[in-house]
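Enquirer: Below is the structure I would like to discuss, written out as structure tokens.
Only the coordinates and a few stated rules stand behind these numbers; no lab work does. Remember, predicted model here, so these are calculated numbers, not experimental data. Cβ placement follows ideal geometry from the backbone for every residue including glycine, while neighbour counts extend to all protein chains displayed.
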Amino acid sequence: MTHEEKALQYFTDGANCAQAVVLAYADELGMDEKTAARLASSFGGGIGRLREVCGAVSGMMMVYGLLKGYDDLQDPDAKKAHYANVQALAAKFREENGSIICREILSVRKDEKNDPNPTPRDAQFFHSRPCLGCVASAARILDKTLKTE
């Protein structure tokens, strides 16, 4: 099963968008599912349904950071190179999905109340929301990037 397929399965099973992407890579990260799910739990719905950065993007960046991030806090060149790669990932996601901002992807007005209640995962949800596509896109972009680095 590909990371994209795993991410889609986790999402349809109830994971939020960030969790779905992180969970799809948990094995490669050396992380158990419970830890992966908890790490990404705050980022669904554009960070706790605030509709900011798409959770699939946040999940993609968490995985990328764990696999390719820098850890020498005194190395500005490593930080610069990493940020350039992160910006490239975001640009690819934006190109495929129109934005990296949840509210823009969902066409939610900025002044709408940020309801913390999760939307029920029913047929209407999957039919009306682009979230499955965003989760798939994030995993696919990440896989392509990791294979070329």
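Enquirer: Once you keep just the Cα pairs under 8 angstrom separated by 6 or more residues, what percentage relative contact order results for the chain?
Expert: Details: 189 pairs, mean separation 42.9, N = 149.
Normalised by residue count, the contact order of the chain is 29 percent.
Enquirer: Another question about this same structure. Show the residues, 5+ positions off or on another chain, whose built amide H is closer than 5 Å to the amide H of residue 101.
Expert: 54
Enquirer: From the phi angles alone, apply the Karplus equation (6.51, -1.76, 1.60; θ = phi - 60°) to region 133-143 and give each ³J(HN,Hα) in whole Hz, x where the residue is Gly or Pro.
Expert: x, 5, 4, 4, 4, 4, 5, 5, 4, 5, 4
Enquirer: Given all pairs of different Cα atoms, what value in angstroms does the Kirkwood hydrodynamic radius of region 3-148 take? Walk me through the numbers on the way to the answer.
Expert: Values: mean 1/r = 0.0651 Å⁻¹.
Every distinct Cα pair counted, the radius reaches 15.4 Å.
Enquirer: If you wrap a convex hull around the alpha carbons of region 97-144, what volume per residue comes out, as a whole number of Å³? Walk me through the numbers before you get to the answer.
Expert: Working: hull volume 4.6 nm³, N = 48.
Expressed per residue, the convex hull around the Cα atoms of region 97-144 is 96 Å³.
Enquirer: Straight-line reach only, C-alpha to C-alpha below 30 angstrom: list the lysines that residue 34 could link to, leaving out same-chain residues fewer than 8 apart.
Expert: Output for residue 34: 6, 68, 79, 92, 144, 147.
Enquirer: Packing-wise, with mean Cβ within 10 Å as the measure, how do 13-21, 58-66 rank, highest first? Don't skip to the answer; put the middle values down first.
Expert: On the way: 13-21: 25.4, 58-66: 23.4.
Put in order of decreasing packing, that is 13-21, 58-66.
Enquirer: Placing +1 on the Cβ of each Lys and Arg and -1 on the Cβ of each Asp and Glu in the chain, which of 89, 46, 10 has its Cα farthest towards the positive end of the resulting dipole?
Expert: Going by the Cα projections, it comes out as 46.
Enquirer: Using Cα springs under 10 Å in a Gaussian network model of the chain, which residue among 37, 123, 139 shows the largest mean-square fluctuation?
Expert: Most flexible of the set in this elastic network: 123.
Enquirer: Sorted from fewest to most neighbouring beta carbons within 10 Å, what does the list 35, 148 look like?
Expert: On the way: 35 13, 148 6.
By the 10 Å Cβ count, ascending: 148, 35.
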